[in-house]
Amino acid sequence: MDNIIEVKNVSYQYPNSDYKALDNLSLTIRKGEWVAIIGHNGSGKSTLAKLLNYLLVPDTGELIVDKQPVIEENMWTVRNKVGMVFQNPENQFVGATVADDVAFGLENRGISRQKMLEIIPMALKEVHMEAFADREPTYLSGGQKQRVALAGIIAVAPKIIILDEATAMLDPKGRKEVIAAILKLKARLGDELTVLSITHDIDEAADADRIIVINDGQVVDEGRPAEIFSAGPKLLELGLDVPFAEQLKSALNNLGISVPSKYLDEEGMINWLWQLNSKM
Amino acid sequence: MAIEFKNVNYVYQAGTPFANSALTNLNFKIQPNAYTALIGHTGSGKSTILQLLDGLIKPTAGQILFDGHVIDNKTPQKDLAKVRQHVGIVFQFPESQLFEQTVLKDVMFGPQNFGKTPMEAQKLAEKALKLVNLPAEYWQKSPFDLSGGQMRRVAIAGVLAIEPQILILDEPTAGLDPVGRKEMMTMFAQLHAKQNLTIILVTHQMEDVAEYADDVLVMAAGKLVKHADPQTIFADEAWLQEQQLDVPHAVMFRNKLVAQGFDLPKNIVNVEQLAKSLQVKLRGDGLNE
Ligand SMILES: Nc1ncnc2c1ncn2[C@@H]1O[C@H](COP(=O)(O)OP(=O)(O)OP(=O)(O)O)[C@@H](O)[C@H]1O
Ligand SMILES: Nc1ncnc2c1ncn2[C@@H]1O[C@H](COP(=O)(O)OP(=O)(O)OP(=O)(O)O)[C@@H](O)[C@H]1O
Ligand SMILES: [Mg+2]
Ligand SMILES: [Mg+2]
């Protein structure tokens, strides 16, 4: 399969900083992949996202998005391909109403007025914000703001979606709904949609095809969720919570019960406990 | 400080065509030194309640009693300021709280604003920045030149520096990595225990509610729909899900085990308790004990 994103030996140091936020970082993302990027606070995740969208320019190295180098002359084509939801949605609103805000991304991509009128309500519906179409985005609750920012991306359905902790302020059900909405988009678009989700949330990371771990501006590990999750308590250092089944394993182990060393998901854990129980 | 809400209503942009009723007829009491969790779906009114508690807005109708001081629609601004002096609020989005040129100046602002000398303010600021574990190398940087999680720490430090009696936290750990989340929640719990702080925490992390709160308010569409202790709240998984909420992971897992056929007690809310109950079930089975 083609690579949709290639990051080659990229370094970046903020102008007023005395260390590199990204330090010779390389990674590739295949077309159609769903990748979770994890790492502790300050490890460089948002910096990487901004470089991919040409909001920042690397000091050295090269980024390629959908076969195009991310350089000034390709800036707009690249931004059209990459839809990003920022950590703080307040930085992102441009429209006077929620509907205008969702329209903005569509206008930029030259979508006809008529088409827009179909797409906007559909996108707002996906995030359960249809009743708020005429409201001013700044006058919404925190979670509602995040939903509107996500609707803007769903409307555009770009080739690449980058979610920078985009569900951090949603209620538990809202998180699941939003992820489900993106999964639905993914089901519709198949390999035409690639998702990069920057997250500290274990359930969100578990949904990914692959997890990339960033530490101090470098890629330090990558693998399928089950592989990464088998790191157990060490996951905490990598900026991710320990999956519940693994937490339970450690707690049982602390009580002197010997537990399997291989990674168990919740179902696996329940089965193991049940077998142990039946042997008694 | 005891706090009481009496028939409180709040309408945003009242009297305009955009009027939007966010809270209806709220009645509840928060005991001094309580650790209260405020939970509820997106848009249910949690942040609005916090703004009322901090005197940033006044009730459209009804009263809020702060240790006997009445706040209602007619309360003059200067009286609100008096209440605010004892209340520290960490906002949902940390950026909305930061504005100074350097991290240190930003954290010093609060204490100076409440009458501390620059020297005293600096001392308080440094103490607070240490409490939130932000290394000194960041103190002279602009607060906007930080990562999301680092900004969050500065915003929290700014509030701790005013040494409030009531600490109001609006999803204070959103954006922090799990280690940072644990550090902050432990620090708040210590302040609560040692300095008799009253804490009101808005969160979507049910684990934190189970772990730290002794009292829970559940909001839905601007109304208070339940007020009870965490165990009572988490005893009804189906009801919580109707509220778009969830039980802590340990409760969910316990319920799955019970569905599988295990006989486990009802009052389990965290992983240690779950492991202990399982140990009792599995004891005497020839495992390494
Ligand atoms: N505008 C800026 N100017 C100077 N330094 C910055 C700026 N933004 C971020 N940094 C620094 O660069 C490093 C990487 O920051 P980045 O925002 O990429 O981290 P992150 O992994 O997204 O963290 P978080 O999980 O906290 O959001 C951090 O040490 C941060 O302090
Ligand atoms: N400044 C404002 N003007 C008008 N309406 C507002 C304003 N702020 C919030 N609202 C509305 O008031 C209701 C309650 O909002 P509030 O911010 O209190 O919710 P919340 O429970 O904190 O939600 P979240 O978990 O998403 O942060 C929502 O329907 C919201 O749209
Ligand atoms: Mg970030
Ligand atoms: Mg809120």
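The values are calculated or read from the model by the stated rules, or taken from the named source; none is laboratory data. The shown structure was predicted, so the numbers you read here are calculated from the model rather than taken from an experiment. Backbone-built Cβ (ideal geometry, glycine too); neighbour counts: all protein chains shown. For the accessible areas, the whole protein counts, side chains as well, though only heavy atoms, and no ligand, DNA or RNA atoms are used. Shrake-Rupley method; radii C 1.70, N 1.55, O 1.52, S 1.80 Å.
Look at the Cα gyration tensor of the range B:248-289: its axes a ≥ b ≥ c give a/c of at least 1.5 with a/b over b/c, and that counts as prolate. For the protein assembly as shown, the 222 nm mean residue ellipticity estimated from helices alone, with every DSSP H stretch of n ≥ 4 adding -39500 (n - 2.57) and the total spread over all residues, rounds to -11500 deg cm²/dmol. Cross-link check: pairs A:125/A:145; A:145/A:186; B:223/B:266; B:223/B:256; A:234/A:279; A:186/A:249 evaluated at a Cα-Cα cut-off of 24 Å; pairs beyond the cut-off: B:223/B:266; B:223/B:256; A:234/A:279; A:186/A:249.
Element breakdown for the protein assembly as shown at a 1.4 angstrom probe: carbon and sulfur atoms account for 50% of the accessible area. Taking both sides together, the accessible area buried where A meets B is about 4500 Å² for a 1.4 Å probe. Evaluating 6.51 cos²θ - 1.76 cosθ + 1.60 at θ = phi - 60° for every residue in the range B:195-200, the Karplus couplings come out as 10, 6, 6, 8, 10, 10 Hz, glycine and proline recorded as x. On full extension, the segment bounded by residue B:16 and residue B:227 gains 72.7 nm, given 0.36 nm per residue less the C-alpha separation. GNM remark for chain B: springs join alpha carbons under 10 Å apart, and the peak mean-square fluctuation among B:113, B:33, B:270 falls on B:113.
In this rough spin-label picture, where each label sits 7 Å from Cα along the Cβ direction, the residue A:203-residue A:72 distance is 4.6 nm.
Tell me which residues come under 5 Å, amide H to amide H, from residue B:175 once H is placed; ignore anything under 5 positions away on its chain. Under 5 Å from the amide H of residue B:175: no residue qualifies. With R₀ set to 45 Å, the beta-carbon distance separating residue A:265 from residue A:116 gives a calculated FRET efficiency near 0.60.
Taking the square roots of 5 times each eigenvalue of the Cα gyration tensor of the range B:3-246, largest first, gives ellipsoid semi-axes of 29, 22, 17 Å. Ellipsoid semi-axes for the protein assembly as shown, based on the Cα gyration tensor and the rule √(5λ), read 35, 33, 26 Å when sorted largest first.
Once both axes come from the Cα atoms, what is the angle between helix A:244-254 and the longest principal axis of chain A, in degrees from 0 to 90, rounded to 10? The helix A:244-254 is inclined about 30 degrees to chain A. Amide H to amide H, with H built 1.01 Å from N, residue B:226 comes under 5 Å of B:218, counting only residues 5 or more places away or on other chains.
When +1 charges are put on Lys and Arg Cβ atoms and -1 charges on Asp and Glu Cβ atoms, the dipole computed for chain B relative to its Cα centre reaches about 500 debye.
If R0 is 41 Å, what FRET efficiency do you get for residue A:130 and residue A:2 from their C-beta distance, rounded to 0.05?
In this case the efficiency is close to 0.65.
Note that the range B:248-289 presents 51 Å² accessible area per residue, ligands and nucleic acids not counted, probe 1.4 Å. Once the Cα atoms of helix B:249-260 and of chain B are each reduced to a long axis, what angle between those two axes, in degrees from 0 to 90 to the nearest 10, is obtained? Here the helix axis deviates by roughly 20 degrees. Interface residues of the range A:16-44, defined as a loss of at least 20 Å² in heavy-atom accessible area between the chain alone and the complex of all protein chains with a 1.4 Å probe, are A:16, A:19, A:41, A:42.
Scattering from chain A was approximated by placing one identical point on each alpha carbon and applying the Debye formula without solvent; log10 I(q)/I(0) at 0.14 1/Å stands at -1.03. Cross-link pairs exceeding 20 Å between alpha carbons, from the set B:29/B:58; A:81/A:176; A:8/A:50: A:81/A:176. In the protein assembly as shown, a dipole from Cβ-located charges (positive for Lys and Arg, negative for Asp and Glu) runs towards its positive end, and of B:48, B:5, B:99 it is B:5 whose Cα lies farthest in that direction. Accessible-area loss of 50 Å² or more (1.4 Å probe, protein heavy atoms, chain alone versus all protein chains) is found in the range B:157-184 for B:175, B:177, B:178. Between 0 and 90 degrees, the angle of helix B:178-194 with respect to the longest Cα principal axis of chain B falls at about 70 degrees.
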